[in-house]
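The values are calculated or read from the model by the stated rules, or taken from the named source; none is laboratory data. All values derive from a computational prediction rather than experimental measurement. Note that each Cβ is placed from the backbone with ideal geometry, even for glycine, and that neighbours are counted across all protein chains shown. Remember, those area values only see protein heavy atoms, side chains included, never the ligands or the DNA or RNA. Shrake-Rupley method; radii C 1.70, N 1.55, O 1.52, S 1.80 Å.
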Amino acid sequence: MLEVDLAGVKLRNPIVIASGILGISRGLFLRLDREGAGAVTTKSVTLRPRSGNPLPNIVELEFGLVNSMGIPNPGIELMCEEIRSAVPHMSVPIIGSIAPTSAEEAKTMASLLVESGASAVEVNTSCPNVQDIGINLINKSVELVRSIDREVDVPILVKVTPHVQDVPSFVRTLSEAGADGFTAVNTLKAMVIDVDLLRPVLGGVVGGLSGPAVRPVAVRFIYEIRKTLPGAAIIGTGGVENWRDAAEMIMAGADAVGIGTALRRGLKVINEVTDGLRSFLIERGLTLDDIRGVVP
Ligand code: SIN
């Protein structure tokens, strides 16, 4: 009863592991599959390996996390090897996340991911921690999506920054360029200062805020995207800690729900969310389709 169709990709349930620290190796892909995820998004990859920003690169606050990771990743070739060796043993799809700096890179990385077995491509142009990747510049995002759209025939999802002002025009433009859907939202640009040391806590100085504090922002983005593009695929991401948060995103219009920051409490959160959603639907005699985008 929790199956989802995400732009043609079948998910056994709506819980998608968000791009982040866990989607980096064959072992983790298989573990997340066993632990009940509906789909797994890879860490965003770049053409060449990146070591990321200086430490410390993460700080936990009472309402979420601020990270300044800087997209540390093994590069596209190694990531593709991990995907290729995991896919034959997996029962759920992998969404390959890329953080390209040019249309050429986007095209190359998307086709390598698809050849390796990724079922969809997420284009991350919304990382607040890396200068040349940037925060969803519309012209650049359109150019990247167009180049990928010409190259691969799997769904293309754009990861949206919460800094976008005019959500309807942003998503409409990207949809016209070939985006099939959106992951909403990435982190909110943020900063934390250590008042004892009189300096920023993070090695990268600024970072991105995730966790419960951004959830209402994500819910509003999902709602606006769904109202603008009734047919687009939407993965709602940002501060989902339990089934109620997931249900809220689905009611705003999400097809699927990303979990990232909540995984710091352990992988059991995946089953807690799916069990809670299932019980809610059974108790109310509803289906996911009944509640998706139910909010007027
Ligand atoms: C990072 O690696 O900096 C986090 C990923 C992102 O914000 O897109």
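Things to note:
- The number of residues in segment 249-291 being over 27 Å from R34 (Cβ atoms) and of a type in the set (D, E, K, R) comes to 4.
- Test: residue in segment 36-47 that is hydroxyl-bearing (S, T, Y), crowded, with 21+ Cβ neighbours inside 10 Å, within 15 Å of the ligand (Cβ to nearest atom) and not in a loop (DSSP other than H, G, I, E, B): yes
- The residue that is farthest from V16 (Cα to Cα), among those in segment 169-190 that are hydrophobic (A, V, I, L, M, F, W, C) and within 16 Å of the ligand (Cβ to nearest atom), is A190.
- Selected residue [over 24 Å from D255 (Cβ atoms) and surrounded by fewer than 18 Cβ atoms within 10 Å (Cβ to Cβ)] from I24, I71, I58: I58
- Flag for I235 being in contact (Cβ under 8 Å) with a residue 60 or more places away in the chain, on the phi < 0 side of the Ramachandran plot and in a helix (DSSP H, G or I): no
- Any hit, segment 167-178, residues being open to solvent by 40 Å² or more (accessible area, probe 1.4 Å) and either within 20 Å of I15 (Cβ to Cβ) or without any contact (Cβ under 8 Å) to a residue 12 or more places away in the chain (or both): yes
- Among the residues of segment 42-73, those that are in contact with a Pro (Cβ under 9 Å, 6 or more places away or on another chain) and farther than 23 Å from S141 by Cα comprise S51, N53, N57, F63, G64.
- Boolean, T101 is out of contact with any strand residue (DSSP E or B) (no Cβ under 6 Å at 6 or more places or on another chain), within 16 Å of the ligand (Cβ to nearest atom) and not in a strand (DSSP E or B): yes
- Selected residue (criterion: surrounded by the most Cβ atoms within 10 Å (Cβ to Cβ)) from residues of segment 113-129 that are more than 16 Å from the ligand (Cβ to nearest atom) and outside any strand (DSSP E or B): L113
- Identity of the residue in segment 130-142, of a type in the set (A, V, I, L, M) and within 19 Å of P49 (Cα to Cα), that ends up farthest from the ligand (Cβ to nearest atom): I133
- Any pair with Cβ under 8 angstrom, 6 or more apart, that starts in segment 125-141 at a residue that is within 16 Å of V167 (Cα to Cα) and of a type in the set (D, E) and ends at one that is open to solvent by less than 20 Å² (accessible area, probe 1.4 Å) and outside any helix (DSSP H, G or I): none
- Tally of residues being in a strand (DSSP E or B) and either under 24 Å from P200 (Cβ atoms) or within 16 Å of the ligand (Cβ to nearest atom) (or both) across segment 48-98: 14
- Screening A246 against (1) part of a helix (DSSP H, G or I); (2) of a type in the set (G, A, S); (3) open to solvent by less than 10 Å² (accessible area, probe 1.4 Å); (4) over 15 Å from A37 (Cβ atoms) leaves a single unmet condition, (4).
- Count - residues of segment 154-185 that are in a loop (DSSP other than H, G, I, E, B) and not aliphatic (A, V, I, L, M): 8
- Scanning segment 180-225 for residues that are open to solvent by 10 Å² or more (accessible area, probe 1.4 Å) and within 21 Å of V142 (Cβ to Cβ), we see that the one that is farthest from the chain's Cα centre (by Cα) is E224.
- Members of segment 75-101 that are without any contact (Cβ under 8 Å) to a residue 60 or more places away in the chain, in contact with a helix residue (DSSP H, G or I) (Cβ under 8 Å, 6 or more places away or on another chain) and open to solvent by 10 Å² or more (accessible area, probe 1.4 Å): E77, E81, E82, R84, S85, V87, H89
- With respect to the conditions (1) open to solvent by 20 Å² or more (accessible area, probe 1.4 Å); (2) out of contact with any helix residue (DSSP H, G or I) (no Cβ under 7 Å at 6 or more places or on another chain); (3) at positive phi, N136 lacks only one, and its number is (1).
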